[in-house]
């Protein structure tokens, strides 16, 4: 499994923070719906209030990277 860690305690305020949180909600919603052999699968997510982090658990896919 792979884990994507996102910080929720961003210094953003007001509209910027609202946009950030709405973007995260859309991303998680997409992860939950997508099912295809060429798309990394969503497993679960968990929020750690103490550290201000959100963890998204995804299938681990070895053998490459989209990073250049």
If one compares the long axis through the Cα atoms of helix 14-33 with the longest principal axis of the Cα atoms of the chain, the angle in degrees, nearest 10, works out at 20
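At R0 = 30 Å, how high is the FRET efficiency between residue 23 and residue 50 if r is their beta carbon distance? Nearest 0.05 is fine. Don't skip to the end; give the middle numbers.
Numbers: r = 23 Å, r/R0 = 0.77.
Efficiency, from the Cβ-Cβ distance: 0.80.
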Along Cα→Cβ, 7 Å out, is where each label goes; now give me the distance between the ones at residue 3 and residue 34 in nm to one decimal.
-> 2.1
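Which whole-number percentage describes the relative contact order of region 2-58, with Cα contacts under 8 Å and a sequence gap of 6 or more?
Values: 54 pairs, mean separation 28.7, N = 57.
It comes to 50 percent, rounded to a whole number.
Sorted by packing (mean other beta-carbon atoms within 10 Å per residue), highest first, where do 49-61, 32-44 land?
On the way: 49-61: 13.1, 32-44: 11.0.
Output ranking for 49-61, 32-44: 49-61, 32-44.
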Helix-only [θ]222 nm of the chain, DSSP H runs n ≥ 4, -39500 (n - 2.57) each, per residue, nearest 500 = -10000 deg cm²/dmol
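A short reminder: the numbers here are calculations on the coordinates, not readings from a lab. The shown structure was predicted, so the numbers you read here are calculated from the model rather than taken from an experiment. Glycine also receives a Cβ, built like all others from the backbone with ideal geometry; neighbour counts cover every protein chain displayed.
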